[in-house]
Amino acid sequence: MRIRRTISAAGLTMMAAAAILTGAPAAFVAAAAPDAACYDPEAAGAADARSRNGSAARHDPNELTAAQVAEREKDFAARVSARSATADIGIQAVITIPVVFHVISEDGTQANGNIPDSWITNQIAVLNAAYATNTSFQFTLQSIDRRTNAAWYPIVYGSSTETAMKAALRTGGDGTLNIYTGDLSDDLLGWATFPTSSIGTYDGVVILDESLPGGSATNYNLGDTATHEIGHWLNLYHTFQGACGATGDSVSDTPREKSAAYACPTGRDTCTQSGVDPIHNFMDYTYDSCMYEFTAGQATRMLSAWNAYRA
């Protein structure tokens, strides 16, 4: 999950534990969902989040506790092993992901959610440019679904209305990316679901409409909120997920990072392990203009997760 914020906060609790194994959101953490789980602030660890205007950040559903990561990694390893042992199932190396945009509006006006098609096509172009380097993924726009519904606007993370909205609108199979846009609760930029063994209707990515290319979210309107959230959807953690610990974000070539980076700092190195903080990585919290890379290890992890959960 991304929260719009220009400086890091002390640390906030967050998360939805049950969501992890049921197909819940990965909103910059593993979020909970109705068919996945319910958001439980008490079950989470501390995490900073990104805020759109510098206000106090809320819980970040895509920041996991160590126990949640361990559980996810155990399941992931088992599924990768089982997939590799199944000779009659082809492992995909190049994937084009169909994308369905659900544009949620309060009253049908652009000021209240009804963004133009050009923003969406530009967003797809941003995604393809971001994922073209190092990764096996590209994206194709399958359809745009416009809905005017005041009850769904703003989209409130972890709410019964979010659950109902997704249950009513989600389309396609496990490998179809459903993106929901609109104004969001709690100053959030977006959230997503991690892949799980049982992908349900809560699966997908939610992003602030004004974070798309052409939007008005200052410093976060170049389209990389979607890049970041889709990283979670493809099983990436934040670069600072494990802080300076031995496993970090579970990717070997991502330098350890003690905490989230904001804006676009220079010379930041918060851990004693080799490598400066990965402030240019799409899975950190920096400005869109500061983000431009996935590592080869992240690319491998996303491909493995795709074949384990979504292929």
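The values are calculated or read from the model by the stated rules, or taken from the named source; none is laboratory data. Since this is a predicted model, take the numbers as computed values, not measurements. No Cβ is skipped: glycine too gets one built from the backbone with ideal geometry, and neighbour counts run over all protein chains shown.
Brief remarks on what is shown
- If you filter the stretch 220-230 down to residues that are part of a helix (DSSP H, G or I) and of a type outside the set (A, V, I, L, M, F, W, C), you find that the one that is surrounded by the fewest Cβ atoms within 10 Å (Cβ to Cβ) is T227.
- Filter result (over 18 Å from A305 (Cα atoms) and of a type in the set (A, V, I, L, M, F, W, C)) within the stretch 229-247: F240, A243, C244, A246
- Among the residues of this structure, C264 does not count as one that is in a loop (DSSP other than H, G, I, E, B) and more than 24 Å from N128 (Cα to Cα).
- Residue in the stretch 192-209 that is without any contact (Cβ under 8 Å) to a residue 40 or more places away in the chain, surrounded by fewer than 24 Cβ atoms within 10 Å (Cβ to Cβ) and among the polar types (S, T, N, Q) present: no
- Unique match (being without any contact (Cβ under 8 Å) to a residue 60 or more places away in the chain, of a type in the set (A, V, I, L, M) and surrounded by fewer than 20 Cβ atoms within 10 Å (Cβ to Cβ)) among A263, A217, A311, A246: A246
- Taken together, the residues in the stretch 79-111 that are modelled with pLDDT of 90 or more, closer than 29 Å to Q241 by Cα and surrounded by fewer than 18 Cβ atoms within 10 Å (Cβ to Cβ) amount to 2.
- Subset tally (residues that are assigned to a loop (DSSP other than H, G, I, E, B) and either farther than 24 Å from A164 by Cβ or in contact with a helix residue (DSSP H, G or I) (Cβ under 7 Å, 6 or more places away or on another chain) (or both)) for the stretch 200-219: 11
- Of residues in the stretch 95-124 being touching a residue at least 40 places away in the same chain (Cβ under 8 Å) and in a helix (DSSP H, G or I), the one nearest to Y153 (Cα to Cα): N112
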